[in-house]
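S.K.: Below you will find the structure I want to go over with you.
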Amino acid sequence: MIHQATEILNNTFGYKTFRPLQEQAISSILGKKDTLLIMPTGGGKSLCYQIPALLLHGITVVVSPLISLMKDQVEQLNELGIAAVFLNSSLSSDEYSANIESIKNGNSKLLYIAPETLFLNHIYEMLSGIDVSCITIDEAHCISEWGHDFRPEYRKIIGLREHHPGAVFVAVTATATPRVQDDIQKSLGLKSDVRLIDSFDRKNLYLEIAPKTNATEQAVKFLRKYPNQSGIIYCFSRKQVDSLYRDLNNLGYSVRPYHAGLPDDERRKNQELFIKDDVQIIVATIAFGMGINKSNVRFVIHFDLPKNIESYYQEIGRSGRDGLRAHCLLLFGYGDISKIRYFISQKEGQEKRIAERHLQSLIDFAETGVCRRLPLLTYFGERYSQEKCGMCDNCNSSAKDLSDITIPAQKFLSCIKRTNEIYGLSYIVDILKGSKSEKVLNNKHDELSTYGIGNEFTKKQWFYLSHQFTSLQLIHRDEEYGSLKLTEKAYEVLKGDLPITGKIKDDFDEKARANISENLDSTLFEILRSKRKSIADKIGIPPYIVFSDKTLTEMSSILPISKKEMLGIHGLGEIKFEKYGHIFLKEIIEYCDKNDVKETGPKIESRAIIPIETVKKSFHTTGEKFNSGNSISDIMAETKYKKSTILKHMLDYISEGTPLSTDRLLNESTLSPEKQKLVLDKFDELGTEKLAPVYDALKNKVDYNELHLLRLYHISKKLVSES
Ligand code: ADP
Ligand code: ZN
């Protein structure tokens, strides 16, 4: 069976190989063994039950609490030609009954369902009467009170066992401590002890932590490195979100805010715009992100300190889900720590102690001089055996970036000593920089020998140095007052017995630049990206469902020029090729021809001789079928394409200059001749480039399918009269 699974992986999903654990999970499920699967976000959990769903005889029920995610998953599956449906409160009653019908008559292989829907009487009964092969419980940690998102309805899922004794149970989640795992096992009555647990290491995330100096300026500088890329900026408060949003918006960035204080519809709209790539940046509080499956988030900025390592990990985890490099920057400010400390001080007892420990782990993580993955993974109970990951700021500062920082250290340490170890970082730096602030003058610290001896560095460089002094254990910070204290080691440095090396740098590591792929043709990438956007908008789905960034990246670096080569691209199987792949193939070939990419790639010879015509295009077939007498519904029945796809094919067909039968197009229209004339007049007036203006001008009274159809008529008619 695993052989068949691999075939589905290659042909339907368009992926070459399984990721670690996927194959084991699939074998276990196909062997009807209950399975607990723990993989980090983006690890590829869905495939583990989706592929078995296609191989098992009955339906796979996926219980999932996230309604938006459900819709997304089902759309993606449908795009791959997989029969999947969902049931939740967001469906209209027509859609709802159509989905129930397709479940009952065995047409659907996967049913996504919210727990509250699952336990409605009529649904529960309906499910009791059908053949259920697998029950997958997504976000399985919700079943445990020890998890971070307990949902009591999850406790009832075990009841399904009774009605479906033969069904295999699969519990999947991205976060479960051993205690939560035991709870899941027990509460679902899992009959086997298969626990597949993947590493928490998200290798494609570049981790960087920079001292926070002028946060807005830092964010803008960062954004310049990622023009036109999608990203999330997390802020601590709604107020901060609003103000950063205004700043970025004024600077002309494509940006929207997101927080719980905005009206529901505005929040939803902003999220939607982001998901559909209509807006590149979301500035948000942590309310944003749950249930977002967007795969091409290229960066996450923590403008303020996250609550704890767990939240940090979850928030950065929303980037790079497509496996491509994503950059996660945390701006680390001591002011933020004081803010969090204040909140902690309001707590009591155990809760207070836990919060303090969480904060300390976060500070340790931020101030570490070693590979960042070490403290991060250790926190999650994982042993990290590599010394360097090569994907964090600490690993990327090579020996040549290091210099002798003994003298700056001595200046800094002696300044602390001369002020009796009672001041915090900012004040110490003020003295070193010769500040004329009231506080410095009143304290007569302008009379100190260390006053104004640190002008060779900017304030932010001093902050950065101070972090290194901390991780080198020369200083530590008083928990309660924030004052800096010297350690014994500091005295060795002061006496000149211990030279130290470290980094003197700006607030940014310029090397940490987006570098998606060495061979990437970025002009082509942009062309393909806008093609993707226009296709997605036409069909009304998010662009990444058409193709992921990874797929486009591969296309623009490998430059496939035949269907066969296209099928070798990540994420491209037969069905996706028929649907969209051929359109992109055409773009790539045209681009290569137009720009004479002969000099760049090894494949030039073959590219030059393969004429465009030899590439079989499905829209040709559709157009020819229509012209030879098949109606649109005939073609739908025969090819299983959606009507929208066929209309799109027909548009592609006539764009190459061949008209479609005008009479038969008019026959397909259900509008009265008067109405048709109205629409056609509007096309005369407004052009046929875009449908939206015509739709608006007709006051939304004519639906889009009709507009598509009459546009085909309008263009074909013109082509006929011109020829
Ligand atoms: P999770 O549910 O674990 O967060 P998903 O199932 O959504 O993750 O998978 C994340 C991404 O990984 C998907 O967009 C998919 O493109 C990709 N993916 C999954 N399995 C594979 C594979 N075997 N090869 C290549 N890409 C894969
Ligand atoms: Zn590292």
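So that you can scan it fast, the table gives a plain yes or no per residue for (1) modelled with pLDDT of 95 or more; (2) touching a helix residue (DSSP H, G or I) at 6+ places or on another chain (Cβ under 7 Å); (3) away from ligand 2 (no atom under 16 Å from the Cβ); (4) within 27 Å of Thr501 (Cβ to Cβ):
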| site | (1), (2), (3), (4) |
| --- | --- |
| Arg373 | no, no, no, yes |
| Arg383 | no, no, no, no |
| Met391 | no, no, no, yes |
| Asp401 | no, no, no, yes |
| Thr406 | no, yes, yes, yes |
| Ile416 | yes, yes, yes, yes |
| Ile428 | yes, yes, yes, yes |
| Lys436 | no, no, yes, no |
| Gly452 | no, no, yes, yes |
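S.K.: Also, I was wondering about something else. Out of everything in the stretch 187-201 that is in contact with a Ser or Thr (Cβ under 9 Å, 6 or more places away or on another chain) and farther than 20 Å from Tyr379 by Cα, what residue ends up being surrounded by the most Cβ atoms within 10 Å (Cβ to Cβ)?
M.R.: Leu190
S.K.: Something else: Picking from Arg256, Arg238, which residue would you name as being basic (Lys, Arg), outside the structural domain of Leu425 (by TED's automatic domain parsing) and without any contact (Cβ under 8 Å) to a residue 40 or more places away in the chain?
M.R.: Arg256
S.K.: Would you point out the residue of the stretch 558-588, among those that are open to solvent by less than 10 Å² (accessible area, probe 1.4 Å) and β-branched (Val, Ile, Thr), that is nearest to ligand 2 (Cβ to nearest atom)?
M.R.: Across the stretch 558-588, the extreme among qualifying residues is Ile569.
S.K.: So, one more: Looking at (1) surrounded by fewer than 21 Cβ atoms within 10 Å (Cβ to Cβ); (2) within 11 Å of ligand 1 (Cβ to nearest atom); (3) closer than 30 Å to Gln271 by Cβ, can you tell me which one Asn10 breaks?
M.R.: For Asn10, the exception is condition (3).
S.K.: Same structure, new question: Hey, Ile301 hits all of (1) in contact with a helix residue (DSSP H, G or I) (Cβ under 7 Å, 6 or more places away or on another chain); (2) over 18 Å from Val241 (Cβ atoms); (3) surrounded by 23 or more Cβ atoms within 10 Å (Cβ to Cβ) but one; which does it fall short on?
M.R.: The failed condition is (2).
S.K.: Here is a further query. Just name the residue that is least open to solvent (accessible area, probe 1.4 Å) out of those in the stretch 546-557 that are of a type in the set (Ser, Thr, Tyr) and closer than 26 Å to Leu647 by Cβ.
M.R.: Thr551
S.K.: Looking at Thr213 and the list (1) more than 30 Å from Ser466 (Cα to Cα); (2) surrounded by fewer than 20 Cβ atoms within 10 Å (Cβ to Cβ), which single condition is not satisfied?
M.R.: Result: Thr213 passes all but (1).
S.K.: If you don't mind, another one. State the number of residues belonging to the stretch 294-322 that are in contact (Cβ under 8 Å) with a residue 40 or more places away in the chain, more than 16 Å from ligand 1 (Cβ to nearest atom) and not in a loop (DSSP other than H, G, I, E, B).
M.R.: Residues flagged as in contact (Cβ under 8 Å) with a residue 40 or more places away in the chain, more than 16 Å from ligand 1 (Cβ to nearest atom) and not in a loop (DSSP other than H, G, I, E, B) within the stretch 294-322 amount to 6.
S.K.: Which residues, counting only those in the stretch 249-273, are assigned to a helix (DSSP H, G or I) and among the aliphatic types (A, V, I, L, M)?
M.R.: Here is the first cut: in the stretch 249-273, the ones assigned to a helix (DSSP H, G or I) are 249-250, 264-273.
Within the stretch 249-273, just Leu273 meets the criteria.
S.K.: Among the residues of the stretch 374-384, is there at least one that is open to solvent by less than 20 Å² (accessible area, probe 1.4 Å) and either part of a loop (DSSP other than H, G, I, E, B) or more than 16 Å from ligand 1 (Cβ to nearest atom) (or both)? Please lay out each step first, then the result.
M.R.: If we filter the stretch 374-384 for residues that are open to solvent by less than 20 Å² (accessible area, probe 1.4 Å), which is where we start, we get 376-377.
Now narrow it down to the ones that are either part of a loop (DSSP other than H, G, I, E, B) or more than 16 Å from ligand 1 (Cβ to nearest atom) (or both): 376-377.
For the stretch 374-384, residues open to solvent by less than 20 Å² (accessible area, probe 1.4 Å) and either part of a loop (DSSP other than H, G, I, E, B) or more than 16 Å from ligand 1 (Cβ to nearest atom) (or both): present.
S.K.: Still on this model: Of the residues Ala366, Ala326, which is touching a Gly at 6+ places or on another chain (Cβ under 6 Å), assigned by TED's automatic domain parsing to the domain that holds Leu223, within 16 Å of ligand 2 (Cβ to nearest atom) and not polar (S, T, N, Q)?
M.R.: Numbers: Ala366 fails: touching a Gly at 6+ places or on another chain (Cβ under 6 Å).
Result of the check over Ala366, Ala326: Ala326.
S.K.: Of Asp681, Asp652, which residue is among the charged types (D, E, K, R), touching a residue at least 60 places away in the same chain (Cβ under 8 Å) and either on the phi > 0 side of the Ramachandran plot or not assigned by TED's automatic domain parsing to the domain that holds Glu574 (or both)?
M.R.: Numbers: Asp681 fails: touching a residue at least 60 places away in the same chain (Cβ under 8 Å).
The match here is Asp652.
S.K.: Pairs, please: C-beta under 6 Å, at least 6 apart or cross-chain, first residue without any contact (Cβ under 8 Å) to a residue 12 or more places away in the chain and in the stretch 352-370, second within 16 Å of ligand 1 (Cβ to nearest atom) and assigned to a helix (DSSP H, G or I)?
M.R.: From the stretch 352-370, no pairs qualify.
S.K.: Given Glu488, Glu480, Glu518, Glu510, which one is open to solvent by 80 Å² or more (accessible area, probe 1.4 Å) and at pLDDT 80 or above?
M.R.: Of the residues listed, the single one that is open to solvent by 80 Å² or more (accessible area, probe 1.4 Å) and at pLDDT 80 or above is Glu488.
S.K.: Right, another one. Return the residue satisfying two criteria in turn: it lies in the stretch 30-44 and is in contact with a Leu (Cβ under 8 Å, 6 or more places away or on another chain) and within 19 Å of Ala167 (Cβ to Cβ), and of such residues it is nearest to ligand 1 (Cβ to nearest atom).
M.R.: Looking at residues that are in contact with a Leu (Cβ under 8 Å, 6 or more places away or on another chain) and within 19 Å of Ala167 (Cβ to Cβ), I get Leu37.
S.K.: Could you tell me how many of the residues in the stretch 13-29 are near ligand 1 (Cβ under 9 Å from one of its atoms) and open to solvent by less than 60 Å² (accessible area, probe 1.4 Å)?
M.R.: Qualifying residue count, the stretch 13-29: 4.
S.K.: So which residues in the stretch 410-469 are over 44 Å from the mean Cα position of the chain (by Cα) and touching a residue at least 60 places away in the same chain (Cβ under 8 Å), if there are any at all?
M.R.: Gln410, Ser414, Ile416, Lys417, Glu421, Ile422, listed by residue number.
The values are calculated or read from the model by the stated rules, or taken from the named source; none is laboratory data. Quick caveat: nothing in here was measured; it's all calculated off a predicted structure. Cβ atoms come from the backbone with ideal geometry, glycine included; neighbour counts cover every protein chain shown. Heads up: the accessible areas ignore ligands, DNA and RNA and are worked out on the full protein's heavy atoms, side chains in. Shrake-Rupley method; radii C 1.70, N 1.55, O 1.52, S 1.80 Å.
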